[in-house]
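Reading through the C-alpha cells given below for one structure.
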Amino acid sequence: MLTYISNTDHYHRVLSRCFDVKRTLWIGTADIKDLYVDSGKEKKPFLWLIAQLIRRGVEVRLIHAKEPGQNFREDFDKYPVLYDRLERVLCPRVHFKMFVFDCKEVYVGSANLTGAGIGLKTDHRRNFEAGILTDAPEIVEQAMNQFDEVWMGKHCKSCKRRDFCADPVA
C-alpha cells in the first residue's frame, strides 16, 4: 500500500490510526501544539488518546523540536501516566514529520502534531498538507532507522546546535 495523503485526510487516514495501535507508536514532529480527536460524541485532547494507549501497554515515543505551548502543557498535566511512561526526546534539529504504527506502517509528510497540521480542524482553518502513508517494508525500515538515529543521539556529539539543546542524548 502506498497512499497519497492531503489536507483533511491527515486526520481521517493518519491520526485516526493511532486508536488501533497495538504495540508501538513513534511520532516525530517539529512543532507540537494542542490538538483534539473525536471520541464518540466528544472531542478530547490527543494526549488523552496517548494516555489510553500507554495504559494498554503501547510504547509511545515522541521526538519534537521545541517545547509545546501552554495549552498542550495544561492538557499534559491532566494525564499523570504521561509523566512516567511517555518517552520523549527534544531535538532542536528535528524537522521531519513522521508516524510509525506498530513498526508496520509509516506516515511521512509535512503535517506537524498540531490542530491545523494533522488535527481535527475544518477544511477552512487547517494547513495545506501533503504526505505518504505506506506499509512498504523498505520505506518503513528507513523511516524507523532515521527516527532511531535521532532517538539514540547518533548526531548529538557533532551537532552544531548543541548549545540550543536542553538535554543532549549523548
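The values are calculated or read from the model by the stated rules, or taken from the named source; none is laboratory data. Because the structure is a prediction, the values reported are computed rather than measured. Here the Cβ positions follow ideal geometry from the backbone for every residue, glycine too, while neighbour counts run over all protein chains shown. Areas reflect the complete protein model, heavy atoms only, side chains present, ligands, DNA and RNA absent. Shrake-Rupley method; radii C 1.70, N 1.55, O 1.52, S 1.80 Å.
Here are the numbers for the structure shown:
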{"item": "Solvent-accessible area of M152 with every protein chain in place, 1.4 Å probe, in Å² to the nearest 10", "result": "130"}
{"item": "Whole-number Å³ per residue for the convex hull built on Cα positions in segment 10-61", "result": "83"}
{"item": "Mean Cα-pair separation over length for segment 86-130, i.e. relative contact order, pairs under 8 Å, 6 or more apart, %", "result": "25"}
{"item": "GNM flexibility winner over the chain from G69, G109, G40 (Cα, springs under 10 Å)", "result": "G40"}
{"item": "Net charge contributed by nearby residues that have their C-beta within less than 12 Å of F19 (K/R +1, D/E -1)", "result": "+2"}
{"item": "Over 20 Å (Cα to Cα) - which of K66/K121; K104/K157; K33/K97; K33/K78 fall in this group", "result": "K66/K121; K104/K157"}
{"item": "Only Lys, Arg (+1) and Asp, Glu (-1) charged, at Cβ; the chain dipole about Cα centre in debye", "result": "260"}
{"item": "Rounded accessible area per residue of the chain, 1.4 Å, Å²", "result": "54"}
{"item": "Gain upon complete extension [E67, T122; 0.36 nm per residue less C-alpha separation]", "result": "17.3 nm"}
{"item": "Segment 113-155 shape via C-alpha gyration tensor axes, a/c threshold 1.5", "result": "oblate"}
{"item": "For segment 38-96: relative contact order, % (alpha-carbon pairs under 8 angstrom, 6 or more apart)", "result": "42"}
{"item": "J(HN,Hα) series, segment 75-88, from Karplus relation 6.51 cos²θ - 1.76 cosθ + 1.60, nearest Hz, glycine and proline x", "result": "5, 4, 5, 6, 10, x, 4, 5, 4, 9, 10, 7, 8, 10"}
{"item": "Local electrostatic count, T3, Cβ distance below 15 Å [Lys/Arg +1, Asp/Glu -1]", "result": "-1"}
{"item": "Cα principal axis extents for the chain, largest first, Å", "result": "47, 37, 33"}
{"item": "Sulfur and carbon atoms: percent of accessible area, segment 1-139 [1.4 Å]", "result": "50"}
{"item": "Mean separation of Cα contacts under 8 Å (6+ apart) over length of the chain, as relative contact order %", "result": "30"}
{"item": "E42-H95 FRET efficiency (beta carbon distance; Förster radius 41 Å; 0.05 resolution)", "result": "0.80"}
{"item": "Residue among A30, A65, A136 with the largest mean-square fluctuation in a Gaussian network model of the chain, springs linking Cα atoms under 10 Å", "result": "A136"}
{"item": "Virtual spin-label span in nm between C103 and Q52, 7 Å along Cα→Cβ", "result": "2.5"}
{"item": "P(r), alpha carbons of segment 48-121 - 5 Å bins starting at zero, rounded %", "result": "3, 13, 21, 29, 23, 10, 1"}
{"item": "Kirkwood-Stokes translational diffusion coefficient of segment 81-158, alpha-carbon pairs, 10 °C, 1.306 mPa s, µm²/s", "result": "112"}
